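Okay, so here's the structure we're looking at.
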Amino acid sequence: MNSYRRKAAQRIAAASMILAITGSPLAWLISRENAEESIVAFAMEESRRLLPLSNVSGSATVLSRQQAQAGADALAGGIFDIAEIYDRHGNKIAEQLSPFGHRIEGMLPHHSRPSYTQPGYENLPVQTGTEKQTAIRVMLPLFNQEQQVYAYFEGVRVLPAWQVAQISTDAAIVALMVAIASLLTGLAIYPVVTYLSKENAQKTKELFESHISMMEALGRAIAKRDSDTGSHNYRVAWLSAKLAEILGFRGARMQGLMIGSFLHDVGKIGIPDAILLKPGKHTTEETTIMRMHVTHGKEIVHGAGWLPSVAAVVEAHHEKWNGDGYPEGLHGEQIPLEARIFAIMDVFDALCSRRPYKEAFSFEQAMSILEDGRGTHFDPDLLDHFLQIARQLHQELSSKTEDQIRDNFIELMQLHFVRD
């Protein structure tokens, strides 16, 4: 199992467990409440059916004590252990208790006079000897034909042990079913996720390969016109990524830095050969035209829709820390961090590489020149970070062929573009 599938399995399992752990108690609670509400609904329906109060007609608002007592007698001892009826002012006018109702009456909390207009219920704990039981108090307003409250009925029912056990058992079964369903959902989702991840990995690989192909095609086009580039693009992009790694670059920012470093001089495609390949010193006019490669490069990478950090390198790789660079004359932290990283790597590789017009400088010579540019050309803090890894990177590059350098760069790109 590759790392992505392992992580997917772990996350799906964790999500399933969380759903099971949170969903099961919730399902248990809802199931208990539904069971209690069913009991209450049945009690209310029976109360309405058995209360002999239907003789109250029209807009009558007075209920006789005889009628009320008859209703209380009909309900106590059957559905309810305690049956109480109040008039429309909340005064108790009838009461009947079963033998068990007499035992528990003193254990129930007292409440204010009824004045509610909607039926409801409440759970009341009852301690009978060593046994804890649950009592349900049903509260039911009674309406006349004018939909006016003319009386209140309240009944208390102590749930028998078998009924409490049944409610608990049913709730536990529902909770268990929710837990099992959550876990089974996770098992069902996993193959779908892994299949989609496999497809996504393939698409990512294809996208990565298209990036490489396009980059290398542009690199070859530049190399055909400027013999000084060659494997310079691979080396400087690899060096920039190595410095960026210790700075914490990841994801899109690292990807943009690597592409931008590789394509930093892509705008040279638009410079005339007579100027680009001129062996001697450029005139002022030719220098102006030569510097246009930055603008050309900016237009090329923006048109290709690459990441913002790609353009950051291409647009600002000739800016200097003290503001003496071009094309914008940016200084300090106005220069994008990606371009500041690249500036150090570009000069370092140019110094340490053999060119048609010069031999490679030694590591010590190259580092001395970089130090001379501290605070003028280069970001001092970035230069300090580079000093920590410079010798190691120099030794690694010096020992490799151009093909090996290319392979190193592709391998590093795979690490940051294509992950399991």
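Values for this structure:
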read-out	value
Test: residue in the range 342-355 that is free of Cβ contacts under 8 Å to residues at least 24 places away in the same chain and over 32 Å from the mean Cα position of the chain (by Cα)	yes
The range 294-345, residues that are within 21 Å of Ile271 (Cβ to Cβ) and among the polar types (S, T, N, Q)	Thr295
The range 30-85 - residue that is of a type in the set (Val, Ile, Thr), crowded, with 16+ Cβ neighbours inside 10 Å and at pLDDT 75 or above and, of those, farthest from the chain's Cα centre (by Cα)	Ile85
Number of positions in the range 226-254 that are loosely packed, with under 15 Cβ neighbours inside 10 Å, in a helix (DSSP H, G or I) and at pLDDT below 90	2
Selection count where residues are touching a residue at least 12 places away in the same chain (Cβ under 8 Å), out of contact with any helix residue (DSSP H, G or I) (no Cβ under 7 Å at 6 or more places or on another chain) and part of a helix (DSSP H, G or I), scope the range 274-291	1
Of all residues making up the range 126-160, the number that are open to solvent by 10 Å² or more (accessible area, probe 1.4 Å) and out of contact with any Phe, Trp or Tyr (no Cβ under 9 Å at 6 or more places or on another chain)	12
Residue match in the range 10-19 (condition: modelled with pLDDT under 75, in contact with a Gly (Cβ under 7 Å, 6 or more places away or on another chain), hydrophobic (A, V, I, L, M, F, W, C) and surrounded by fewer than 16 Cβ atoms within 10 Å (Cβ to Cβ))	yes
Hey, Glu122 in contact (Cβ under 8 Å) with a residue 12 or more places away in the chain, under 16 Å from Ala41 (Cα atoms) and open to solvent by 10 Å² or more (accessible area, probe 1.4 Å) or not	yes
Hits in the range 303-327 - residues which are at pLDDT below 90, more than 13 Å from Arg340 (Cβ to Cβ) and in a helix (DSSP H, G or I)	Gly303, Ala304, Pro308, Val310, Ala311
The range 345-398 - residue that is of a type in the set (A, V, I, L, M, F, W, C) and not in a helix (DSSP H, G or I) and, of those, modelled with the highest pLDDT	Phe378
Close pairs from the range 400-420: first farther than 18 Å from Ala217 by Cβ and β-branched (Val, Ile, Thr), partner surrounded by 13 or more Cβ atoms within 10 Å (Cβ to Cβ) and modelled with pLDDT of 85 or more, Cβ under 9 Å, at least 6 apart	Ile405/Tyr234; Ile405/Arg235; Ile405/Trp238; Ile405/Leu397
Subset of the range 88-104 (residues that are surrounded by 12 or more Cβ atoms within 10 Å (Cβ to Cβ) and closer than 13 Å to Ala76 by Cα)	Ala94, Glu95, Gln96, Leu97, Ser98, Phe100, Gly101
Residue within the range 97-105 that is under 21 Å from Gln69 (Cβ atoms), part of a strand (DSSP E or B) and polar (S, T, N, Q) present	no
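Matching residues to (1) open to solvent by 40 Å² or more (accessible area, probe 1.4 Å); (2) among the aromatic types (Phe, Trp, Tyr); (3) over 25 Å from Pro308 (Cβ atoms):
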{"site": "Pro327", "(1), (2), (3)": "yes, no, no"}
{"site": "Glu333", "(1), (2), (3)": "yes, no, no"}
{"site": "Ile341", "(1), (2), (3)": "no, no, no"}
{"site": "Met345", "(1), (2), (3)": "no, no, no"}
{"site": "Phe363", "(1), (2), (3)": "no, yes, yes"}
{"site": "Leu370", "(1), (2), (3)": "no, no, yes"}
{"site": "Arg374", "(1), (2), (3)": "yes, no, yes"}
{"site": "Asp379", "(1), (2), (3)": "no, no, no"}
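The values are calculated or read from the model by the stated rules, or taken from the named source; none is laboratory data. Computed from a predicted structure; not experimentally measured. Heads up, the Cβs are rebuilt from the backbone with ideal geometry, glycines too, and the neighbour counts pull from every protein chain shown. Side chains included, ligands, DNA and RNA excluded: accessible areas come from the protein's heavy atoms. Shrake-Rupley method; radii C 1.70, N 1.55, O 1.52, S 1.80 Å.
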